[in-house]
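Reading through the structure tokens given below for one structure.
The values are calculated or read from the model by the stated rules, or taken from the named source; none is laboratory data. Note that the structure is predicted; figures quoted are calculated from it, not measured. Cβ placement follows ideal geometry from the backbone for every residue including glycine, while neighbour counts extend to all protein chains displayed.
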Amino acid sequence: HSISVSFLQPVAAGSGIPEIKCYLNGVKVPGVVRLRTVVCKAMGVLFSVAGGLFVGKEGPMIHSGAVVGAGLPQFQSISLRKIQFNFPYFRSDRDKRDFVSAGAAAGVAAAFGAPIGGTLFSLEEGSSFWNQGLTWKVLFCSMAATFTLNFFRSGIQFGSWGSFQLPGLLNFGEFKCSESDKKCHLWTAVDLGFFILMGIVGGLLGATFNCLNKRLAKYRMRNVHPKPKLVRVLESLLVSLTTTVVVFVASMVLGECRQMSSTSHTGNDTLSMQGMSEDVNSSIKTFFCPNETYNDMATLFFNPQESAILQLFHQDGTFSPVTLSLFFLLYFLLSCWTYGISVPSGLFVPSLLCGAAFGRLVANLLKSYIGLDHIYSGTFALIGAAAFLGGVVRMTISLTVILIESTNEITYGLPIMITLMVAKWTGDFFNKGIYDIHVNLRGVPLLEWETEVEMDKLRASDIMEPNLTYVYPHTRIQSLVSILRTTVHHAFPVVTENRGNEREFMKGNQLISNNIKFKKSSILTRAGEQRKRSQSMKSYPSSELRNMCDEHITTEEPPEKEDLLQQMLERRYTPYPNLYPDQSPSEEWTMEERFRPLTFHGLILRSQLVTLLVRGVCYSESQSSASQPRLSHAEMSEDYPRYPDIHDLDLTLLNPRMIVDVTPYMNPSPFAVSPNTHVSQVFNLFRTMGLRHLPVVNAVGEIVGIITRHNLTHEFLQARLRQHYQTI
């Protein structure tokens, strides 16, 4: 199935959690919530898991749930263009993002049978913008997903429709000691010390896993992805072949034949499989071993991953420490290699299985060499699974609740929580979580939850972009087309030039003169900020920072010769719309003339401007602006979420001298900040309100810059902070 992923929808590869995390953070990832993606994802994970690769289906289920949440409320799809429904609701990015959050939570709830854990997962790992109303909606969606899956699985597997016996796809079973073993306890206060040590080791192992996988991902980006797509398919085949050979050779050569327990159906570590009479020991594998014995390595390798986890949690017999060590090492390396190839692959279950082997190994060593007979091996296996998974993904709240709901044992809440926190702190000392690493490798400008404390030394004026692209309230079609075709910005400030006869007022009145001088000295202007940056660039030695802080110049695509309105694109794009010939920029202009004071009136989106041009919303110069046609909100959002592109617009249908009045369609009161606002406040406002553009407006209502997601990334802020220290 790697062929369909590599050639049809490459975004369907991997777990999908990094992509959904980016989408919910406000970054548009092409194709991440398309119908074709979920089809490739579902079919791919089916064949990947069935083929024996060391991958899980939980991550792809989360991605699939998010795709369903994004597409279902829209009642339309690119892949099914002929199917059209007149459904005017939920036609905004915020609504779509809320449905994606609910879909991702439903995927977790269905995978683990943990609706509360799914809600917390969507809050902790996915959504950037959360509100109280969304909490209830997501929880309701997670509950519905859990009970829907439970209803069908109970009916199909047991023929008992409506009994709700199987809550999720992954069931950890029941943890309990034998009634005959009075010394056995699930865990004691003494065990907490071992759990903390296991959390530290799990954090170290998780950091090692992430480091190796990051190096593999970089190698693939340099040597595999640039080559023909067939190379990705061959890599997947190589991983499959290697996995098969390792599993068979390890089971035949390294496995030990161990005696079956005579009390396999009673006593310690028994498992009640939610109404099923089948004991966990029925899944053990003999694999060339004599009668009444089983191969411990084959039992772990040749069972489905969920059954292998149950073996480590509840197996009556024991696994050899050598077998557990070798199994952990082989599974660690193969799962690290597998995650990142061109197949849908989750990471939850492989990490749980790898960590369960580590925990069972610790329990065996404590029993055999230290003599702690009271410990319960299943508890240590569960804590080991939590430690390793926490060290890889660095999740805390949601993972704690997911594991508690999966085990149905609330007493495990404290040790799981402590272990996950220790594993996260240990792993964060070395690197980030696996999902954040892959997000950074893709170059996505993901915003963290908060900025570093030292960033408060910066203000909004230090990080804003003063070189603006703007439109006037009444703008000619010629200028709008030129701006839209030569830039890639998604929003434009609507401004008017601020010109006054202040020098005449200053004559003869000292009070007015002093007030005007104070205003000029205290108000930040774009020209002053640009001059300061130009001077700092001359003295700053870093070429990297100089390139980052240079004026943004967008290259114009060569216009087609067939374009009959070539005059729309004759001039290179200038820092402001060229409305009149006498305003053409000149090299002799001062900084104040190039960066004139601009009174800010609002923001208008690119999609809105293109829609106005497509629908011919304009008026002639000889008419009043009242004669311009008016579009309703439903008409403006009719093409959501796939608005027409400016390059697909037929320019022959437009009169370049016509004027567009954008004031009825702009946002007259967007969120804005002062130039002196601390970066932490800017960051919190940007993230909590789900913004994409944040104008910087001075005390007299003049826009002096704009802040976008790029200006708030960690790398950009670090560069600005270095420049700040250099200029002090």
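Quick one: in the range 148-164, which of the residues that are exposed (fewer than 15 other Cβ atoms within 10 Å of the Cβ) and assigned to a helix (DSSP H, G or I) is nearest to the chain's Cα centre (by Cα)? The qualifying residue nearest to the chain's Cα centre (by Cα) is 148.
Here is a yes/no grid of residues against (1) out of contact with any strand residue (DSSP E or B) (no Cβ under 6 Å at 6 or more places or on another chain); (2) in a helix (DSSP H, G or I); (3) surrounded by fewer than 24 Cβ atoms within 10 Å (Cβ to Cβ):
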position	(1), (2), (3)
26	yes, no, yes
36	yes, yes, yes
47	yes, yes, yes
59	no, yes, no
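Residue count for the range 380-411 satisfying the condition of being touching a helix residue (DSSP H, G or I) at 6+ places or on another chain (Cβ under 6 Å) and either under 13 Å from residue 313 (Cβ atoms) or in the same structural domain as residue 55 (by TED's automatic domain parsing) (or both): 8.
Could you say whether any residue in the range 332-351 is surrounded by fewer than 21 Cβ atoms within 10 Å (Cβ to Cβ), among the small types (Gly, Ala, Ser) and not in a helix (DSSP H, G or I)? No: zero hits.
Counted as qualifying within the range 396-445 are no helices (runs of 4 or more DSSP H), as none has 1 or more residues that are at pLDDT 85 or above and in contact with a His (Cβ under 8 Å, 6 or more places away or on another chain).
Checking the range 625-637 against the condition returns a match, with at least one residue being touching a residue at least 40 places away in the same chain (Cβ under 8 Å) and either outside any helix (DSSP H, G or I) or surrounded by 17 or more Cβ atoms within 10 Å (Cβ to Cβ) (or both). Taken together, the criteria place residue 303 among residues that are assigned by TED's automatic domain parsing to the domain that holds residue 386, modelled with pLDDT of 80 or more, closer than 30 Å to residue 160 by Cα and not basic (Lys, Arg).
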